[in-house]
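The values are calculated or read from the model by the stated rules, or taken from the named source; none is laboratory data. Predicted, not measured: the structure shown is a model, and the values here were computed from it. Here the Cβ positions follow ideal geometry from the backbone for every residue, glycine too, while neighbour counts run over all protein chains shown.
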Amino acid sequence: MAKPAEAPLAPRHFLRFSDFSHAEYEHIFERTRWIKAQFKGYKRYWPLQDRTLAMIFEKQSTRTRLSFEAGMHQLGGTAIYLNTRDTQLGRGEPVEDAAQVISRMVDMVMIRTFEQEIIERFAEHSRVPVINGLSNEYHPCQTLADIYTLIEHRGAMRGKTVAWIGDSNNVCNTWLQAAAIFDFKVRVSTPPGYEVEPERIGPDVRRHFEAFSDPMEAARGADLVTTDVWTSMGFEAENEERKRDFEDWQVDADMMRVAKKGALFMHCLPAHRGEEVASEVIDGPQSIVWEEAENRLHTQKALMEFLILGRVKARQPVRGKADGKH
Ligand code: CP
Ligand code: NVA
């Protein structure tokens, strides 16, 4: 008699920053460092040969699409871009059915969509790992790159202070989740009516989070000042109202001056100069936005390696800063 097919092991997903432990992030960052050094040194590393990533986009993207697509190619695999408008998902095929089908054809799925609930429903019915490439509520891949970038520049996160100025959006919620895992503080300043929604961040985050009505107070003494657009994708109808409400929440040189001496500035991009950030800051010496954007590639390669292959041991230690490429 034929042996009944065994149920596949439940895959790991990356849907919220709180899905991984501190030890798992330490591993991913160690692998990022090594994978980045291979890339900079033009060394081939193809652990995901014959593996396929499906990328489902319901919102626009430059960085996320490119970093996943290029990253998958650089790991020896293939990435397939799907836009919901051009698939049956855009014509009402249930997310659960799409998950069953898509996850039988590829090894991993990345989704950028509106409600987080859509990604969670997809993951629940997927046989392969699912990565959140941004939802209205969270953007874990961005925070993965942001934390790695800050560690590269300033060392361990423990005890650091991050000032978040502006909208308490998907990126802000994810910073807050990261604060509990890496043991740092996030000082958030939003205009009235745009405050952090506590149910998005989880109870263990509260002691890592402080709210300020005055953005200058939030920035005072911070190691990092960071912000994002006043109007996120999907909220365009509120654009004019938001421009008025957020007028005093621009990160400018005065704000950087009250931060810690040598404080850094980050922005997930795309940015609107003259709105959430002044050109003098984003294009100034304290800004590390280009390194931050580049690290999307390296951290996500390590993330994909981890989700498909588990804990891979470093092949060789990385000493000092890798040179070569770029
Ligand atoms: N930061 C970020 O996710 O950029 P994209 O919208 O271009 O992917
Ligand atoms: N908060 C922004 C991030 C874009 C990468 C948005 O959701 O549009």
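Here's the yes/no breakdown for (1) away from ligand 1 (no atom under 15 Å from the Cβ); (2) among the aliphatic types (A, V, I, L, M):
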| position | (1), (2) |
| --- | --- |
| 169 | no, no |
| 178 | yes, yes |
| 188 | yes, yes |
| 199 | yes, no |
| 220 | yes, no |
| 229 | no, yes |
Counting only residues in segment 82-106 that are assigned to a helix (DSSP H, G or I) and modelled with pLDDT under 95, the one nearest to ligand 2 (Cβ to nearest atom) is identified as 84
Residue in segment 72-81 that is within 14 Å of ligand 1 (Cβ to nearest atom), in contact (Cβ under 8 Å) with a residue 60 or more places away in the chain, among the polar types (S, T, N, Q) and part of a helix (DSSP H, G or I) present:
no
Contact list, first residue from segment 267-279 and of a type in the set (Val, Ile, Thr), second anywhere and away from ligand 2 (no atom under 11 Å from the Cβ), beta-carbon distance below 8 Å, six or more apart or interchain, is 277/250; 277/251; 277/252; 277/265
* Within segment 121-140, is there a residue that is surrounded by 24 or more Cβ atoms within 10 Å (Cβ to Cβ), small (Gly, Ala, Ser) and within 16 Å of ligand 1 (Cβ to nearest atom)? -> yes
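Take the residues in segment 172-198 that are more than 20 Å from residue 248 (Cα to Cα) and β-branched (Val, Ile, Thr), then tell me which one is surrounded by the fewest Cβ atoms within 10 Å (Cβ to Cβ). Reasoning before the result, please.
The first filter runs over segment 172-198 and keeps only residues more than 20 Å from residue 248 (Cα to Cα), leaving 173-185, 197-198.
Right, trim to β-branched (Val, Ile, Thr) and you get 174, 181.
On the way: 174: 28, 181: 20.
Here the residue is 181.
Would you point out the residue of segment 139-154, among those that are over 8 Å from the mean Cα position of the chain (by Cα) and not aliphatic (A, V, I, L, M), that is farthest from ligand 2 (Cβ to nearest atom)? It would help to see each step written out before you state the result.
At the first step, the residues of segment 139-154 found to be over 8 Å from the mean Cα position of the chain (by Cα) are 147-154.
In the following step, the residues that additionally are not aliphatic (A, V, I, L, M) were identified as 148-149, 152-154.
Values: 148: 17, 149: 15, 152: 21, 153: 21, 154: 23 Å.
Result: 154.
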Screening 188, 171, 109 for residues that are within 16 Å of ligand 2 (Cβ to nearest atom), in a strand (DSSP E or B) and not aromatic (Phe, Trp, Tyr) leaves only 188
Among residues of segment 215-243 being within 24 Å of the chain's Cα centre (by Cα) and among the aliphatic types (A, V, I, L, M), the residue nearest to residue 112 (Cα to Cα) is 233
Here the residues within segment 224-254 that are more than 14 Å from residue 275 (Cβ to Cβ), buried (at least 21 other Cβ atoms within 10 Å of the Cβ) and more than 15 Å from ligand 2 (Cβ to nearest atom) are 224, 225
Across (1) of a type in the set (Ser, Thr, Tyr); (2) within 16 Å of ligand 2 (Cβ to nearest atom); (3) in contact with a Lys or Arg (Cβ under 7 Å, 6 or more places away or on another chain), residue 299 clears everything bar (3)
In segment 260-272, residues that are more than 16 Å from ligand 1 (Cβ to nearest atom) and either among the polar types (S, T, N, Q) or surrounded by fewer than 19 Cβ atoms within 10 Å (Cβ to Cβ) (or both) total 3
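Test residue 203 against the criterion of being of a type outside the set (Ser, Thr, Tyr) and either in contact with a Cys (Cβ under 7 Å, 6 or more places away or on another chain) or within 30 Å of residue 19 (Cβ to Cβ) (or both), and give yes or no. Can you show your working first?
Details: of a type outside the set (Ser, Thr, Tyr): yes; either in contact with a Cys (Cβ under 7 Å, 6 or more places away or on another chain) or within 30 Å of residue 19 (Cβ to Cβ) (or both): yes.
So residue 203 passes the test.
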Take the conditions within 22 Å of residue 144 (Cα to Cα) and small (Gly, Ala, Ser) and apply them to residue 70. Does it pass?
yes
